[in-house]
Amino acid sequence: MSLHIKGSWFVDEAGRAVMLRGVGLGGSSKVPATPDGSTHIKTDFLDHRTVSFVNRPFPLEQADEHFGRLQHWGFNCVRLVVPWEALEHAGPGEYDDEFIDYMSKFLACSASHDIYTFIDAHQDVWCRMCAGDGAPGWTLEQVGFDISKLEAAEAAWTMQGRFDPADPKTFPPSTWSHNQLRLAAATMWTLFFASRDFAPSCSIDGAPAQDYLQDHLVGAFTHLAAALKDVPNILGYDALNEPNPGWIGRLVDGSNTPGLNETLGYTFMPIDAMATGAGFTRKVGYREIKKFGVKETRKDDMNAAGVTCWQEGKDVWRNEGVWGLDDEGQPTILKNEHFMAVNDQPVEFYHDYLSPFIRKFTAAIHEENSGTPIFFEGQGEPVLRGETLKFDIGGLDNVVWSPHWYDVATVGMKRGMFTASFNIRTNRPVLGEGNITSMFVEQLGALKEFGTSLGCPTMLGEVGVPYDLDNKDAYTKWKEDPDAWHVHVKALGFYYDALDANLMSSVQWNYTPDNDNQWGDRWNLEDFSIFSRDQQDDPSNPDNGGRAIAGFCRPRCVRCAGVPSSQAFDTDKGTFTFQFEVDTNIDAPTILYVPAIQYPNGYSVSAKGCSATPSGDQLLEVTAAASGPCAITITREK
């Protein structure tokens, strides 16, 4: 059941264009299974070398349940979250072969349910010790950090260290945004991509930190690829989830900090992060959502205790002369433009640093499996504003542009924003449902067009909605009120309408098998899972446990014996239309998915230029005797 890339489509062995609708699996896979790494559980992280990710995302004995449910809901692929830490947590070059064996058996289970899988080298904010996930803890130690002091030195703000169940405000949402500005994560990303340019004094075992870190990440996933190269349903590898430039291209005083207007929490400028991490107290601004946007509401003293998180003599940025002490012994900037240029030439993150990494990752994986697609990412927001991300990937084969997109108004406000929103393309408010849905179609179209400009197909790597909208209102109503999820269903309908309009493959974030109403996806209070045990009271029903199923479980094309030209679903009327140009050289039918949840009393079919016959569970088989246009209309029975 392998796929390959042809033009802008994934294509199966029969030559049919395959439209992928998938789900991220899953939120809790960001943290270890043993001991339980859920972020509400206190830890000092000092056991980071002895953890295990075996049974993430779920034990193998649950595979048929979860894959069966996903298949029933019409998903035909999963984006499998695999942090670097899961593979190489014990130490440099020490791979967890027990986890890799688990992966092999896991993929066999997904194949038995006709589900393609692509491996997502996942990270957020570098690693768990920086309030995210991804890299092994020893990477911090190798560059000179003392993991036990990161929290006290304000180099990171973790839920494990700060959350107080009696006072939830101790850990506000979206902490990842300001953790990326703090010393630990910003340093690690800068070193990972550009230590040779900006920290030549930082070496590990005689190698520049940049080469050492990249080589180990790439080596870990190449080791995994070698073990899995004969697995038929591997769709590919995502080179790196949401890569971050660290301080590359930023002034040390922070005056050109990007995205500041959207950042919540403490907004550390680079000099603030460097000074507090080295044991100096600094006042740092705190930003919150107010009526007319995100505003700085106060300044607080950071690191009043004067704790340093650097090992003795290992302060990278002071060693590089980026900052020092003035005559009064206070931190001062010595090289404000340190991260801005190399040899007097301005640097560009995507061209100079991210593209070479993508090339390195691609070459290594293709050494083991020459045909497997490589998914790569970059920030979608600049593209939506009309900017060009200067990728240099010309000549690479089998690569897929896989940006992420969220309805920032709904995610940020934690309520359905259906009558008023904001368009970052025009920097203007948008009023009315029709205008909002048109905006979504336009935004996703711009992301797809950018992929076309790079000469590769586009697959939306993440899209989704928080399920704890309106203070978790649906969680108290779902048993008695059939419309408890109406806000989520409506929001998802908007997003999938836009995906259909652009004939775009996509992955929804996410499916977390152990999600619950209290801790959500078990990572930093995020709650995006389309499934929860707390919504399950009848395990014999595959829909039971699902959240807002009608929002994402929709009719669609699965495999097309030709070229798709349009797809649309009217949720209220239950009318689905699909059109394509038939290719009679393809000796296989077009397959449509027609979910029972949308057609509880059945449906009728109108076909022009072709014939349609129900085939299997919730599937419709379409055949045509001649080339030319074919149109299918499915209508809900009353």
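General observations
- Above 18 Å, the calculated P(r) of the range 483-552 contains 44 percent of its Cα-Cα pairs.
- Look at the alpha carbon pairs under 8 Å that are at least 6 residues apart: their mean separation over the length of the range 556-636 gives a relative contact order of 36 percent.
- Zone residues, the range 275-308, relative to GLN330, backbone N less than 15 Å from point 7 Å out along Cα-to-Cβ: 275-276, 280-284, 301-302
- Loop-located chymotrypsin sites (Phe, Trp or Tyr not before Pro) in the range 203-292 whose Cβ has at most 14 other Cβ within 10 Å (DSSP): PHE292
- Summing Cβ point charges (Lys, Arg +1; Asp, Glu -1) relative to the Cα centre of the range 512-571 gives a dipole of roughly 460 debye.
- Filtered trypsin sites (Lys or Arg not before Pro), the range 10-75: DSSP coil and at most 10 other beta carbons within 10 Å: LYS42
- With Cα atoms, 0 to 90° folded angle of helix 97-112 axis to the chain main axis: 20
- Here LEU107, LEU140, LEU260 are placed in order of increasing Cβ neighbour count within 10 Å, fewest first, which gives LEU260, LEU107, LEU140.
- Database remark: amide H of GLY24 closer than 5 angstrom to the amide H of ARG79, GLN508, TRP509, TYR511 (H placed geometrically; neighbours at sequence offset of 5 or more, or on other chains; Pro and chain starts carry no H).
- Candidate lysines for bridging to LYS169, where Cα separation is under 21 Å - those fewer than 8 sequence places away on the same chain excluded: LYS42, LYS283, LYS290, LYS291, LYS295, LYS299, LYS414, LYS472
- Ranked by the mean number of other Cβ atoms within 10 Å of their residues, highest first, the peptides 568-578, 506-516, 153-163, 482-492 fall in the order 506-516, 153-163, 482-492, 568-578.
- Less than 5 angstrom separates the built amide H of TYR116 from those of CYS77, VAL78, all sequence-distant by 5 or more or on a different chain.
- The range 138-260: C-alpha gyration tensor shape, a/c 1.5 cut-off, then a/b vs b/c: oblate
- Local charge for GLU348 was computed over the other residues whose Cβ lies under 11 Å away, with Lys and Arg +1 and Asp and Glu -1, and equals -1.
- Set of aspartates and glutamates with alpha-carbon distance to LYS390 below 15 Å, sequence-local pairs under 8 removed: GLU348, ASP352, GLU377, GLU381, GLU449
- Potential lengthening between LEU431 and ASP587 on full extension [0.36 nm per residue; Cα-Cα distance subtracted]: 51.4 nm
- Debye, to nearest 20: dipole size of the chain, +1 on Lys, Arg Cβ, -1 on Asp, Glu Cβ: 1640
- Proximal charge balance of TRP310 [Cβ under 10 Å; K/R count +1, D/E count -1]: 0
- What separates the Cα centres of the range 139-193 and the range 1-59 is a distance of 23 Å.
- Within the chain, the cysteines lacking any other cysteine Cβ closer than 4.7 Å to their own Cβ are CYS77, CYS109, CYS127, CYS130, CYS202, CYS309, CYS456, CYS553, CYS557, CYS560.
- Taking other C-beta atoms within 10 angstrom as a stand-in for reagent exposure, GLU65, GLU328, GLU88 fall in the order GLU328, GLU65, GLU88, fewest first.
- Candidate aspartates and glutamates - alpha carbon under 20 Å from LYS638, same-chain residues fewer than 8 apart omitted: ASP483, ASP570, ASP572
- The dipole here belongs to the range 282-414: it is taken about the Cα centre, uses +1 on the Cβ of Lys and Arg and -1 on the Cβ of Asp and Glu, and is about 720 debye.
- Per-selection Rg to Rh, the range 556-636 - Cα, Kirkwood hydrodynamic radius: 0.95
- Selection among THR437, HIS216, GLY91 by position relative to the dipole of the chain gives THR437 as farthest towards the positive end (Cβ unit charges, Cα centre).
Coordinate-derived values only; no laboratory data. Just so it is clear, the model here is predicted, and its values are computed rather than measured. Neighbour counts are summed over all protein chains in view; Cβ atoms, including those assigned to glycine, are modelled from backbone coordinates with ideal geometry.
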